[in-house]
Amino acid sequence: MSIAPLDAATPLPLGQALVAAGLIDEQQLEWGLARQQRTGERLGRILVNVEAVHRLDLQRVLGETWGLPFVDLFDYDHDAELTGRCTPDTLLAEGWFPLQQIGDRLVVATSEPPSPALHEAIHRQLGDELTIELRTTTPMDIERAVTNAYRDELVQRSTAGLKTRRPEQSAATGLSRFQKITFGLFAVVAIVGGIVDWRFWLSGLILFANIVFFGAIVFKLTCVLAGIGSRMTLKASAVERNDRDLPVYTVLVPVYREANVVADLIANLGALDYPEEKLEVLVLLEADDHETIAAARAARPPSSVRLVIVPDAAPKTKPKACNVGLTLARGELLVIYDAEDRPDPDQLRKAVAAFREAGPRTVCVQARLRYWNASANLLTRMFGLEYGYWFGAMLPGLDRLRMPIPLGGTSNHFRIGALRELGGWDPHNVTEDADLGLRAAVEGYRVGVIDSSTDEEACGELRAWIRQRTRWIKGYMQTALVHTRHPVQLLRDVGPLDALGFLLLIAGTPLTFLLAPLLWAGTASWYAFGEPHLPLVNNGIFWMIAMIDLIAGNVIMIGLNMIAAVHDRGWRWAPFAVLNPFYWVLHSWASWRALIQLIRNPFYWEKTPHGLPTAVCDEEPGEGIAFARPAAV
């Protein structure tokens, strides 16, 4: 193994080299060095992130200090034979890219300083017999070269990675043989039973529906009573304050057809209280969404924000875009935000402290979601009450009972290493978040909640709400089908109690919404035409369960929502909880729509529009929402 000799002259330290080149002054250098002492990050990254130095100028100066010439990767067509002997993950992690081989001479571009370890890594991938000639280029250019050279592999990984590695956990593989037989037998029994004795068949269906509702009520009551007032994973005072101890944090923001809110997105992320040089923000843009791409570029995002163009490939879903971002992520931790989100400024610091407190088996912590436009109209108020109940009572209850937690679609904080081990997100599941929470539980990981909030926009238009809720419920159906392909294996993986909780929550939620119209119609017919005297349900035990479902169930659920509403938003919101039964009618509508769509078009992603006319802020946003720039810079 031979190494081309480097320049023997002793180079200037980077800061002095930048001053000598006239790129910064002494005051900026002094500020940068003080910042470096505080955060422990590289001086060059600090100066680039505050836009004191352009990344190209920095890399040219770094090349001079390393004795390496600068190279523009766009002057080269990648060598498929060379890149075929490497992996994109290796090149991104180690910061180099093979340019060309001439005989036994190999030209390699690197964004890292030359070192024996770098040469060893290159030889390990491409062979010991080569003489390496290094050139320098920027990390961003390395990333672009990798994504161009491995485009097909990245597309395959983001769209079919989970299906290829773990087909039993992917929604793309459809029903299992066991499920096909089960559903087939159920259909035969239903048809034959309806023909032979429709009264017995109908009474069996009514009994089944009431038992499902009874189980759902008991389960939710147990979780809420455990969750209300319980201590969450992390108290608000527990925040990591030492900047040197903070890891690099990747923020993924998938956006599609949201040109109207992308500028606000850049501003909202600027409010995060986290060292900018340790923050990597990837805005994931679909290749065919030219309007949003143009708006994102016009917003002139800071250097810590990178615009990533996601290749145009089916399925066109949020999890596919997130999988692309996961491949490119350089951080130790990762969080997902939606375009309209307004997270608490210290949320990332709280997540860091939570992970350190929870231990390595906690793969994700979920922040609380609230709505900043909850008072816009009646629909947004009901949405606000629902989230207050879910994040204020149900999730803390599930966390306290140590049961599997289905994740929400945003403000999920992950350990990147564990997330990659899980295979990322399922691009064929339209509620990839809930599915990922269950997959984590199956693999023995924990999901927790933190005492932090993210404000987002509630759908204030009925049509948009129905479309959004259709997607959510269809995703719950997909997740339930995926994780019940092998029931015995599910019991072995998570245990009987967690399996029961999963069935009651993930399968039971859409099932109760689907069955509700049957019970409403039956109750109305009973009052209109008298008791039908059906077998199986003409006894005291059934009527006791039915009365609990009809009266106690509604009272309990209204009461639980009322408690959560008062706890979350104050007593003035309590009366709206009485309207919950009417809100459930909308859920039933969306559930039947979801079932039809699951059969006809299971992977269709119904986009939720943001920036609607109803999106009027309840409170004025705070001041200072912008990426800070030091006076010296």
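Please state the Cα pair-distance histogram of the range 307-391 with 10 angstrom bins from zero: what percent is in each bin? The percentages, shortest bin first, are 13, 32, 34, 20, 1. Once R0 is set to 51 Å, what does the formula 1/(1 + (r/R0)^6) return for the Cβ-Cβ distance between Asp288 and Tyr527, expressed as a FRET efficiency to the nearest 0.05? Taking R0 as 51 Å, the efficiency between Asp288 and Tyr527 is 0.40. The residue list Phe70, Pro315, Phe383 was ranked by how far each Cα lies along the charge dipole of the chain toward its positive end, using unit charges on Cβ atoms, and Phe383 comes out on top.
Here the ratio of the Cα radius of gyration of the range 348-396 to 2.2 N^0.38 Å is 1.50. With respect to the chain, whose longest principal axis is taken over its alpha-carbon atoms, helix 432-442 is tilted by about 90°. Rounded to the nearest 20 debye, the dipole size of the chain about its Cα centre is 2440 debye, using +1 on the Cβ of Lys and Arg and -1 on the Cβ of Asp and Glu. The residues Thr512, Thr131, when put in order of fewest to most other Cβ atoms within 10 Å, stand as Thr131, Thr512. Backbone phi angles across the range 112-125, fed through the Karplus curve with coefficients 6.51, -1.76 and 1.60 (θ = phi - 60°), yield HN-Hα couplings of 9, x, x, 7, x, 5, 5, 4, 4, 5, 5, 4, 4, 7 Hz in residue order; Gly and Pro are listed as x. Measuring nothing but alpha carbons in the chain and taking Rh as the Kirkwood radius, the Rg to Rh ratio lands at 1.03.
Of the three principal axes defined by the Cα atoms of the range 243-456, the extents in descending order read 47, 42, 38 Å. Work from the charge dipole of the chain (Cβ charges, +1 for Lys and Arg, -1 for Asp and Glu, about the Cα centre) and give the residue of Phe214, Gly448, Ala351 farthest towards its positive end. About the Cα centre, the residue reaching furthest to the positive side is Phe214. Here the extension length gained between Arg257 and Trp543 equals 97.8 nm, from 0.36 nm per residue of separation less the Cα-Cα distance.
Mean projected area of the Cα convex hull of the range 2-152, taken over all directions, amounts to 9.5 nm². Counting only lysines at least 8 places from Lys220 when in the same chain, those with an alpha carbon closer than 24 Å to its own are Lys474.
Its alpha carbons give the range 265-323 an Rg and a Dmax of 12.5, 36 Å. Peptides 281-293, 404-416 ordered by packing proxy, namely the average of other Cβ atoms within 10 Å per residue, highest first: 404-416, 281-293. Sorting the segments 140-150, 99-109 by their mean number of nearby beta carbons within 10 angstrom, highest to lowest, gives 140-150, 99-109.
Sorting the segments 498-510, 19-31 by their mean number of nearby beta carbons within 10 angstrom, highest to lowest, gives 498-510, 19-31. Relative to the longest principal axis of the Cα atoms of the chain, the long axis of helix 318-328 makes an angle of roughly 30 degrees.
The ranking of His54, His119, His428 from fewest to most other beta carbons within 10 Å of each one's beta carbon is His54, His119, His428.
Sorted ascending by nearby beta carbons within 10 Å, beginning with the fewest, Leu33, Leu369 become Leu33, Leu369. Seen against the Cα atoms of the chain and their longest principal axis, helix 55-66 is set at about 50 degrees. Computed from the C-beta positions of Val585 and His54, the FRET efficiency with R₀ = 60 Å rounds to 0.55.
A short reminder: the numbers here are calculations on the coordinates, not readings from a lab. Predicted model, so just to flag it, every value in this text is computed and none were measured. We place every Cβ from the backbone using ideal geometry, glycine too, and count neighbours over all the protein chains shown.
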